[in-house]
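Engineer: Starting off with a structure, shown below.
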Amino acid sequence: MHIKDDFRPLVFVTGASGYLGSVVVNELLEAGYPVRGAARGRKVAAIKEAFAKYPSFEAVEIADVATADYTDILAGVGAIIHTAAPLPGRVEGEAAFTSAIDGSLNILRAANKAGISRVVVTGSTVSFPENKFGPDDWVAVTKEEALKGSAIELYVAEKKYSEQAILEFAKEHAQMDITIFNPPWIFGPLAPGFESLIPTPNGAYASFSANGFVYQLLRADNTSYHYSPGTIDHSLPLTPNGTRPRRLAIVSPYQTDFRDAIKYIQDERPELSNRLADPETVPRWSTYKLDVDLSPIEEFFGYPISAFKTWRETILDTIDRFIEIENNWRGAGYEFEVPKQPPM
């Protein structure tokens, strides 16, 4: 986290109970930032428990990001990280666009009204066309096409149009410092305390998000190897240096390959070998690394490319964390097995 002087503003994080949101909250707290995290329903109590050891953490409830009144919630806030967004298949039809677009604009309007200038939003590389990752490159799908297509097509369109709405808002409110970071699949260990959010195996796998593909490696008959590089082992800075792109693709600079992932586990965690498929059965993909220029991350945010975790580190850290989760379930007397297909 890039910090100017010793001042750390109160940061409001949406989607704090999700995989990405919880990692962001943990990184901020560890860096000394006070955090106000939002969740809904029973998850509010769960994030309170997850981050109970941090006196500077506060949990608040947001039932609907698209209609919420943020007046009281944003009191004293100095920066916002907006991670709340529906995953593919979780919201259907027009509701997906309402949640993504209106949800983002609602919080941006509230931030502007409250005088909060620094806002970070998590987008996705799916909003870029194939092999083009410039700030003005957009996937061609339309809303009409997406509404008639698959859940994935709908997700791609909702990300595209929500990001475009955010950028238009940023253009109209030049006094605000709004940045969209666009990752692909995000892999990495679940945040400390995540056990409070998944105390039992029942329905827990959906909470693993893209990490379900990594957890799936611990099943010897695994045949599903969805692929894309990415990691979320570190937060990115809130404070940029000078004028910079408002929309940036950000991916792992390392080659990523599930054959290698299985071999890392075999070599480094031999006690898990009987749970692994033969790495030679894993399909080869034509591309193992997205060709994204990461120099703006160093130039404008002071975050060195060398700080990214390697694919080996990401896999081993994530697998170790899953073993901790399993041991927690086992200690509580639950029976479970790795799902054959991640629920995404």
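Engineer: Identify the residue in segment 177-214 that is surrounded by fewer than 22 Cβ atoms within 10 Å (Cβ to Cβ) and of a type in the set (Ser, Thr, Tyr) and, among all such residues, is nearest to the chain's Cα centre (by Cα).
Structural biologist: Among them, the one singled out is 209.
Engineer: If I filter segment 195-224 down to residues being touching a Ser or Thr at 6+ places or on another chain (Cβ under 7 Å) and not polar (S, T, N, Q), which single residue comes out as farthest from residue 322 (Cα to Cα)?
Structural biologist: Top of the filtered list is 197.
Engineer: Scan segment 144-172 residue by residue and report those that are among the hydroxyl-bearing types (Ser, Thr, Tyr) and assigned to a helix (DSSP H, G or I).
Structural biologist: Passing the criteria: 155, 161, 162.
Engineer: Which one of 79, 84 is surrounded by 14 or more Cβ atoms within 10 Å (Cβ to Cβ), in contact with a Leu (Cβ under 7 Å, 6 or more places away or on another chain) and not in a helix (DSSP H, G or I)?
Structural biologist: 79
Engineer: I need a count of the residues in segment 307-325 that are surrounded by fewer than 20 Cβ atoms within 10 Å (Cβ to Cβ), in contact with a Phe, Trp or Tyr (Cβ under 7 Å, 6 or more places away or on another chain) and closer than 13 Å to residue 252 by Cβ.
Structural biologist: Adding up the residues that qualify gives 2.
Engineer: Being surrounded by fewer than 13 Cβ atoms within 10 Å (Cβ to Cβ) and under 26 Å from the mean Cα position of the chain (by Cα), is that true of even one residue in segment 260-277?
Structural biologist: Scanning segment 260-277, I find no residue that is surrounded by fewer than 13 Cβ atoms within 10 Å (Cβ to Cβ) and under 26 Å from the mean Cα position of the chain (by Cα), so the answer is no.
Engineer: Another question about this same structure. Within segment 121-138, is even one residue at pLDDT below 95 and in contact with a Ser or Thr (Cβ under 6 Å, 6 or more places away or on another chain)?
Structural biologist: Among the residues of segment 121-138, at least one is at pLDDT below 95 and in contact with a Ser or Thr (Cβ under 6 Å, 6 or more places away or on another chain), which makes the answer yes.
Engineer: Another question, if that's okay. Out of the residues in segment 1-37 that are more than 20 Å from residue 74 (Cα to Cα) and of a type in the set (A, V, I, L, M), which is modelled with the lowest pLDDT?
Structural biologist: 1
Engineer: Further question on the same structure: Consider residue 39 against the criteria (1) farther than 23 Å from residue 169 by Cβ; (2) surrounded by fewer than 19 Cβ atoms within 10 Å (Cβ to Cβ); (3) in contact with a helix residue (DSSP H, G or I) (Cβ under 8 Å, 6 or more places away or on another chain): it satisfies all of them except one. Which criterion is unmet?
Structural biologist: Of the numbered conditions (1) farther than 23 Å from residue 169 by Cβ; (2) surrounded by fewer than 19 Cβ atoms within 10 Å (Cβ to Cβ); (3) in contact with a helix residue (DSSP H, G or I) (Cβ under 8 Å, 6 or more places away or on another chain), the odd one out for residue 39 is (2).
Engineer: Follow-up question, since we're still on this one. Return the only residue of 140, 174, 170, 220 being within 23 Å of residue 300 (Cα to Cα), surrounded by fewer than 16 Cβ atoms within 10 Å (Cβ to Cβ) and not β-branched (Val, Ile, Thr).
Structural biologist: From the options 140, 174, 170, 220, the qualifying one is 174.
Engineer: Moving to a separate point now. Among (1) buried (at least 19 other Cβ atoms within 10 Å of the Cβ); (2) under 23 Å from residue 188 (Cβ atoms), there is one condition residue 32 misses while meeting the rest; what is its number?
Structural biologist: Residue 32 satisfies every listed condition except (1).
Engineer: For residue 182, work out the one condition from (1) without any contact (Cβ under 8 Å) to a residue 40 or more places away in the chain; (2) in contact with a helix residue (DSSP H, G or I) (Cβ under 6 Å, 6 or more places away or on another chain) it doesn't fulfil.
Structural biologist: Unmet for residue 182, out of (1) without any contact (Cβ under 8 Å) to a residue 40 or more places away in the chain; (2) in contact with a helix residue (DSSP H, G or I) (Cβ under 6 Å, 6 or more places away or on another chain): (1).
Engineer: Take residue 95 and decide whether it is more than 20 Å from residue 182 (Cα to Cα), modelled with pLDDT under 90 and part of a helix (DSSP H, G or I).
Structural biologist: yes
The values are calculated or read from the model by the stated rules, or taken from the named source; none is laboratory data. Remember, predicted model here, so these are calculated numbers, not experimental data. Don't worry about glycine lacking a Cβ; one is built from the backbone with ideal geometry, like all the others, and counts go over all protein chains shown.
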